[in-house]
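Let me begin by presenting the structure, written as structure tokens, before commenting on it.
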Amino acid sequence: MTSDTKQTEPVTGQTERLRELIAHARVVLWDFDGPICRLFAGHSASGVAAGLVEWLEGRGLHDLLTVDEQETEDPHGVLRAVDRRHPTSDLVAELEERLTQEELRAARSAMPTAFADPLIHTWKAVGSRLAIATNNSPRVVRGYLESRGLLACFDPHIYGRSQDLRLLKPHPHSLNRALTAMGAAPSTALFIGDTPTDCIAAREAGVPFLGYARNERKGKLLKEAGATDVVGSLEPLLAAVRSKGRHSCKPSE
Ligand SMILES: [Mg+2]
């Protein structure tokens with residue numbers, strides 16, 4: 001590899017590895033909540049989970065959940081539990097719609113992940129194709145991306161939760177849909193996610209995985225799930241993609 005520009009930072013093992021991952025990634029798949037924004041930064045996920053449990057209780061249905069499930073801080077945990085007992089029922093559809101409404105509210109106070117916006121624009125500008133593979137509602141993702149001026153970078157490749165909850169990650173369904181729609185082989189893609197379920201879904205789909213962990217606890221969980229490449233910030237990734245752009249594109253100005 002040659003360098004045609006001034007190098008202002010040392011090339012570390014991580015930099016090399018990121019460049020390698022980027023070089024092979026013609027298609028970049030993104031999880032939404034985590035790598036792109038903190039969806040529940042201002043509207044807590046545990047509060048939403050409790051709200052769903054309360055709603056079930058109000059309908060005399062709290063026996064559907066075990067005590068542990070009633071105390072979960074993960075709204076998807078409530079949905080999955082109900083779906084296990086009443087698969088693809090109207091009740092599950094109603095709960096899913098309630099979660100979508102909560103996610104729409106949460107999106108108004110979502111916190112953009114540092115460096116995510118410029119990373120998305122830059123990656124698109126250097127010729128990669130981008131898609132979203134998320135367990136959140138595609139309506140929510142679309143609205144958020146539009147509000148940040150990012151929708152055109154992904155459109156129409158946004159694959160999210162449907163009412164068939166068996167297909168949520170760790171099932172690789174959303175990744176497979178993206179790959180099929182984009183005509184991409186798994187080995188030519190890269191998936192960026194922040195949870196063990198993302199890591200498992202990538203492995204199932206045969207897609208290389210890059211973990212994003214905003215704290216040590218999340219990093220540890222990703223490593224335990226088998227992730228070998230984990231970054232604590234998107235900044236070095238942005239630097240690596242910019243470097244790719246300098247090597248592969250003529251300067252535009
Ligand atoms: Mg996530």
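The values are calculated or read from the model by the stated rules, or taken from the named source; none is laboratory data. Given the structure is predicted, the values throughout are model-derived calculations rather than measurements. Quick reminder, even Gly has a Cβ in these numbers, built from the backbone with ideal geometry, and neighbours come from all protein chains shown.
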**Request:** Please give the number of the condition L79 fails out of (1) under 30 Å from L61 (Cβ atoms); (2) at pLDDT 95 or above; (3) touching a helix residue (DSSP H, G or I) at 6+ places or on another chain (Cβ under 8 Å); (4) not β-branched (V, I, T).
**Result:** (2)
**Request:** Please specify each residue of region 190-218 satisfying the condition of being closer than 16 Å to I132 by Cα and either within 10 Å of the ligand (Cβ to nearest atom) or of a type in the set (F, W, Y) (or both).
**Result:** F191, I192, G193, D194, T195, T197, D198, F209, Y212
**Item:** Residue, surrounded by the fewest Cβ atoms within 10 Å (Cβ to Cβ), within region 176-189, restricted to residues that are among the hydrophobic types (A, V, I, L, M, F, W, C) and either within 16 Å of the ligand (Cβ to nearest atom) or in a helix (DSSP H, G or I) (or both)
**Value:** A181
**Prompt:** With respect to the numbered conditions (1) in contact (Cβ under 8 Å) with a residue 60 or more places away in the chain; (2) surrounded by 12 or more Cβ atoms within 10 Å (Cβ to Cβ), which one is the sole condition not fulfilled by S89?
**Reply:** (1)
**Fill in**
For region 125-142, the count of residues that are in a helix (DSSP H, G or I) and crowded, with 17+ Cβ neighbours inside 10 Å equals 4
**Message:** The conditions are (1) in contact with a Lys or Arg (Cβ under 9 Å, 6 or more places away or on another chain); (2) assigned to a loop (DSSP other than H, G, I, E, B), and L104 fails exactly one of them. Which is it?
**Reply:** (2)
**Near pairs, Cβ below 6 angstrom, 6+ apart or cross-chain, from region 120-143 (more than 17 Å from G34 (Cβ to Cβ)) to any residue that is modelled with pLDDT under 95** = V126/K244; V126/G245
**Extreme residue, surrounded by the most Cβ atoms within 10 Å (Cβ to Cβ), among residues of region 143-175 that are out of contact with any Phe, Trp or Tyr (no Cβ under 6 Å at 6 or more places or on another chain) and of a type in the set (G, A, S)** = G160
**Prompt:** Just one of the numbered conditions (1) in contact with a strand residue (DSSP E or B) (Cβ under 6 Å, 6 or more places away or on another chain); (2) more than 30 Å from V82 (Cα to Cα) is not true of I158; which one?
**Reply:** (2)
**Message:** Let me confirm something: among S147, S137, S128, S162, which residue is hydroxyl-bearing (S, T, Y) and at pLDDT below 95?
**Reply:** S162
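A quick yes/no check of all residues on (1) under 14 Å from the mean Cα position of the chain (by Cα); (2) not assigned by TED's automatic domain parsing to the domain that holds P118; (3) not hydrophobic (A, V, I, L, M, F, W, C):
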position: D198; (1), (2), (3): yes, no, yes
position: A201; (1), (2), (3): yes, no, no
position: L210; (1), (2), (3): yes, no, no
position: E216; (1), (2), (3): no, no, yes
position: K220; (1), (2), (3): no, no, yes
position: K223; (1), (2), (3): no, no, yes
position: T228; (1), (2), (3): no, no, yes
position: S233; (1), (2), (3): no, no, yes
position: A240; (1), (2), (3): no, no, no
**Request:** State the number of residues belonging to region 30-47 that are in a helix (DSSP H, G or I) and within 15 Å of the ligand (Cβ to nearest atom).
**Result:** 1
